[in-house]
Structures are given as C-alpha cells and as structure tokens.
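Novice: So that we are looking at the same thing, I have put the structure below in structure tokens.
The values are calculated or read from the model by the stated rules, or taken from the named source; none is laboratory data. Since we're looking at a predicted model, the values are computed, not measured. Note: ideal-geometry Cβ built from the backbone for every residue, glycine included; neighbour counts use all protein chains shown.
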C-alpha cells in the first residue's frame, strides 16, 4: 500500500506542477509571452494555446495518479510524453541561436522542469510496481 501511495505522490506532484503551469499560461499569458519573444494579442493567444495543450497532455498523468498499479499503461504513456518533451526541448534549445537569450532561458526552464518530472515519473514506475510475493504452501 505504501508503494501505491508513493507512486501517486510522485505522479501527482508532476501533474500539479504541469497543471499549475498550464493555468498560469491560460490566465496570465501577457506575463509569459515576452519569454518567447512574442507580444500583443497574437503572442498572448500563442501562450494561452500552450496552456491548453499542457492541460490536454496531462490526462494520462491524472489517470496514472488515480491508481498507478492498475493504470500502468497511462503511467507509461506519461513517461513517454515526458521523455519526448525533454528530447524535443533539448533539440530546440541546441538549435536556437545564442542571441535569443530570453527564449533560450525559457526553454532551459522547461528542460529542467520536464527532466525533473521525468525522473519523478520513472521513480513512480519503479516504486508503484506490483510486488508479487510467492508464498510456499504451509505444511
């Protein structure tokens, strides 16, 4: 039972941070648009769109957090999604010219955020796995 709750806690922490980020982008896009070198109504719309995407992407995380032992597929989906995020953000970061300092800093924050989430999800996979104890028949 402790393994189940530890898995839930780890997945839940990633879920809460992701949803918090999504809601911040949706509610206050003007605060984040400059970090992506965006401005005005179009920049705010793009940041809001990222927030909506973040919410959509977190459905498997919520299912996995509900019961990581019964919903292993959702947990594995969340791990794959998180790993894709880390790989993609790394590629974008490395390809972006150095003069785009503000965007590079924003991407670096996402990278740290998502890499930490990936570690937490992989830990959740390990700790929440079902442990089958075989019992020898009693004589």
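Novice: Name the single residue, out of those in the range 1-21 being within 20 Å of residue 105 (Cβ to Cβ) and buried (at least 17 other Cβ atoms within 10 Å of the Cβ), that is nearest to the chain's Cα centre (by Cα).
Specialist: So the residue we want is 18.
Novice: Quick one: which of 88, 51, 35, 117 is assigned to a helix (DSSP H, G or I), modelled with pLDDT under 95 and within 24 Å of residue 14 (Cβ to Cβ)? Lay out the reasoning, then the answer.
Specialist: Details: 88 fails: modelled with pLDDT under 95; 51 fails: modelled with pLDDT under 95; 117 fails: modelled with pLDDT under 95.
Only one candidate qualifies: 35.
Novice: Being under 16 Å from residue 54 (Cβ atoms), in a helix (DSSP H, G or I) and either in contact with a helix residue (DSSP H, G or I) (Cβ under 9 Å, 6 or more places away or on another chain) or at pLDDT 95 or above (or both) narrows it down to one residue among 94, 111, 73, 105; which is it?
Specialist: Values: 94 fails: under 16 Å from residue 54 (Cβ atoms); 73 fails: under 16 Å from residue 54 (Cβ atoms); 105 fails: under 16 Å from residue 54 (Cβ atoms).
Going through 94, 111, 73, 105 in turn, the sole match is 111.
Novice: Please state which one of 33, 65 is over 18 Å from residue 103 (Cβ atoms) and surrounded by 15 or more Cβ atoms within 10 Å (Cβ to Cβ).
Specialist: On the way: 33 fails: over 18 Å from residue 103 (Cβ atoms).
Sole residue among the options that is over 18 Å from residue 103 (Cβ atoms) and surrounded by 15 or more Cβ atoms within 10 Å (Cβ to Cβ): 65.
Novice: Select, from 41, 60, the only residue that is in a helix (DSSP H, G or I), surrounded by 18 or more Cβ atoms within 10 Å (Cβ to Cβ) and either touching a helix residue (DSSP H, G or I) at 6+ places or on another chain (Cβ under 8 Å) or modelled with pLDDT of 95 or more (or both).
Specialist: 60
Novice: Would you check if residue 83 is within 18 Å of residue 3 (Cβ to Cβ) and either over 17 Å from the mean Cα position of the chain (by Cα) or in a helix (DSSP H, G or I) (or both)?
Specialist: Numbers: within 18 Å of residue 3 (Cβ to Cβ): no; either over 17 Å from the mean Cα position of the chain (by Cα) or in a helix (DSSP H, G or I) (or both): yes.
No.
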